[in-house]
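Below is one structure; the comments refer to it alone.
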Amino acid sequence: MSTVAVVGSLNIDLIMRAPHCPGKNETVIGGPFGMAGGGKGSNQALAASRLNAKSYMIGCVGNDDFGRRLRFVLTENGVDCSQLHTRKEAATGTALITVTDEGESSIVISQGANSFLKASDMVEAKNIFTSCDAALFQMESPAETVTAGLKMARQYGCRTFLSAEPPYSLPNEVWSNIECMILNERALSFYASSSSRRSVNSMAKDLLDRGVHDLVVTRSSRGGMVFSRSGENFSFDAFNIRSVDNTGARDAFCAGLCVGLSEGMPMRQAAKFGSACGALACTKIGAHPSLPWRHQVGALLGEAGDDEYEL
């Protein structure tokens with residue numbers, strides 16, 4: 001069993017179906033409404049646990065019903081919440097999500113308590129970092145917290161992962177502390193400071209030159225591309241599924257990749273494992289409800305003709 005510390009955000013998602021996302025000054029008559037757990041941090045912690053990893057959640061919620069609901073769901077799914085802090089200064093993070101009939105989503109987030117996750121909380125989580133194989137970060141937390149956490153996790157022997165969404169500027173010191181960075185093409189262009197149309201390969205080289213060891217560029221239904229300082233560059237395909245809601249799919253991919261590599265899978269195998277996790281997360285509405293269990297991932301890989309994945 002691998003052990004994964006997840007540092008990041010927790011939200012309650014308020015989800016509305018709609019024929020399309022509204023434009024400027026447009027009102028759209030929507031469909032069914034639902035509420036589910038979300039936030040990139042809690043999604044990835046829950047996904048890792050369902051993939052049979054020992055998962056730890058490091059983050060903040062408010063002292064409210066939403067926060068208590070998130071803590072209960074994570075704990076019930078085997079996630080260790082001993083470093084999930086309750087903040088009185090703010091409400092639990094909330095996301096307003098519109099899901100179209102094609103399964104695409106648009107999201108507006110109120111950070112709430114997530115903005116109160118501090119660098120000092122990374123010091124308090126030292127014992128978790130020392131006991132984990134990997135630490136997985138996202139960017140719905142303050143930049144100084146992500147920077148301090150990556151540095152501390154690397155210092156204590158964790159394999160560090162950064163899911164770089166939504167992208168914001170990072171200090172130069174952080175790059176050498178990222179072992180594996182996962183981002184889409186828009187974020188890649190942001191970090192490569194590209195105002196012209198450069199190739200993905202060229203932009204990826206910029207980030208590898210700064211110290212990142214492995215770079216995974218996700219391309220939604222087109223799969224993804226992996227670039228490595230070791231020189232093993234390749235692309236991988238997405239699974240052909242009917243998407244109902246892609247909310248949480250990227251988080252499922254990140255968790256699957258992290259768990260796979262932590263278990264010793266080669267990068268090619270781990271990328272395909274993560275891709276299966278992301279595909280399955282598109283088949284249900286809502287982030288938490290859609291995150292797949294290990295046996296479901298194994299079944300999808302088996303259908304695709306892969307019998308090398310342990311359940």
Give me the residue from the range 65-120 that is in contact with a helix residue (DSSP H, G or I) (Cβ under 9 Å, 6 or more places away or on another chain), among the aliphatic types (A, V, I, L, M) and in a strand (DSSP E or B) and, out of that set, farthest from LYS284 (Cα to Cα). LEU84
Can you pull out every residue in the range 165-190 that is farther than 18 Å from PHE129 by Cα and crowded, with 22+ Cβ neighbours inside 10 Å? MET181, ILE182, LEU183, LEU188
Selected residue (criterion: surrounded by the fewest Cβ atoms within 10 Å (Cβ to Cβ)) from residues of the range 1-41 that are part of a strand (DSSP E or B) and touching a Cys at 6+ places or on another chain (Cβ under 9 Å): THR3
Before we move on, is LEU162 crowded, with 18+ Cβ neighbours inside 10 Å, out of contact with any His (no Cβ under 6 Å at 6 or more places or on another chain) and assigned to a strand (DSSP E or B)? yes
Can you pull out the residues in the range 216-266 that are among the aliphatic types (A, V, I, L, M) and in contact with a strand residue (DSSP E or B) (Cβ under 6 Å, 6 or more places away or on another chain)? VAL216, VAL217, MET225, VAL226
Given ASP133, ASP65, which one is touching a Cys at 6+ places or on another chain (Cβ under 9 Å), among the charged types (D, E, K, R) and surrounded by fewer than 23 Cβ atoms within 10 Å (Cβ to Cβ)? ASP133
So, in the range 166-187, of the ones that are in contact with a strand residue (DSSP E or B) (Cβ under 6 Å, 6 or more places away or on another chain) and of a type in the set (A, V, I, L, M, F, W, C), which residue ends up farthest from SER220 (Cα to Cα)? ILE178
Scanning the range 136-159 for residues that are closer than 20 Å to SER262 by Cβ, crowded, with 22+ Cβ neighbours inside 10 Å and among the small types (Gly, Ala, Ser) gives GLY149, ALA153
The residue that is surrounded by the fewest Cβ atoms within 10 Å (Cβ to Cβ), considering only those in the range 267-294 that are within 18 Å of SER105 (Cβ to Cβ) and in contact with a strand residue (DSSP E or B) (Cβ under 9 Å, 6 or more places away or on another chain), is PRO289
Going by what's in this entry, would ASN246 be described as within 25 Å of GLY37 (Cβ to Cβ), not charged (D, E, K, R) and not in a helix (DSSP H, G or I)? yes
Matching option when the condition is in contact (Cβ under 8 Å) with a residue 24 or more places away in the chain and either touching a helix residue (DSSP H, G or I) at 6+ places or on another chain (Cβ under 6 Å) or surrounded by 16 or more Cβ atoms within 10 Å (Cβ to Cβ) (or both), among GLY248, GLY260: GLY248
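A short reminder: the numbers here are calculations on the coordinates, not readings from a lab. These figures come from a predicted structure and were not determined experimentally. All Cβ positions, glycine included, derive from the backbone under ideal geometry; neighbour counts span all protein chains shown.
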